[in-house]
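Please read the structure below before turning to the comments.
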Amino acid sequence: MKKLYFYFLLLFVVPVVYGQEEPLKAVPALIPSIEEDADTLKYSIPEIYIGTNEKEERYRQDMNILRNRIRRVYPYARATAENLMILNENLEKLENNKQRRQYIKRSQKYLEGQFKERLKKLSRKDGQVLLKLIHRETGETTFALIKEFRSGWTAFWSNTTAKTFNLDLKSEFHPDSDLQDFYLETQLQYLFFNYQLEYSAGKEKIDFNALRKMWKLKVSEQEFFPIELRE
């Protein structure tokens, strides 16, 4: 039963195989550079942090872990959003409910073979991040999507079982009111900025600059307004 429900949405919602996600671009190594002229030798090294306090160092470690989680699960959240649109378009073309049910069932069976084992390898906390990002990309909770395309009974039991593993299929993403969600959005934007993930503004078109200004007024640096955003 461990790591059970990370593949729910892909199995119950997406209509076509997204395929192998694009490999993430490698982060270029920080190679020291040497500039030489007739009189001087200039040697540049990557930026390092000296004398950071324990809390800031812990923050850096936590955010590095969070980035790795985002790298693992973001492709699945994007696949869900893109294929949800295709699913709705295809369902509108079908003539009756029987054809629609058959279409969804065929998709589920094929996708289970494609994605199930990979998604089962995600950790519990990976799953928590995935549920947040699904809401960011689709504007719907995983619970609502399962309920729409399966049944309320399935969604109820899915959510009840998921809670056993500290997963809430009704998880929502609100970086404007939840500080932890803002941290998640900050690291997502970091990965966009460094071309490690394909950019998406989200279903609700998140204005990150506005979020950043709002939180900077609400949260002091002592309360760990993200280090990446300090000027």
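Please treat every number below as a calculation from the coordinates, not as lab data. Quick caveat, the model's predicted, so the values are computed rather than measured. Note that we place each Cβ from the backbone using ideal geometry, even for glycine, and neighbour counts take in every protein chain shown.
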Query raised in the report: Does the range 49-207 come out rounded, prolate or oblate, given a ≥ b ≥ c as the square roots of the eigenvalues of its C-alpha gyration tensor, rounded meaning a/c under 1.5 and, failing that, prolate meaning a/b above b/c?
Result: prolate
Query raised in the report: Counting Lys and Arg as +1 and Asp and Glu as -1, each charge on the Cβ, what is the dipole of the range 132-193 about the Cα centre in debye, to the nearest 20?
Result: 320
Query raised in the report: Do any of K125/K170; K121/K163; K116/K203; K121/K205; K55/K163; K125/K163 go past 22 Å between their Cα atoms, and which?
Result: K116/K203; K121/K205; K55/K163
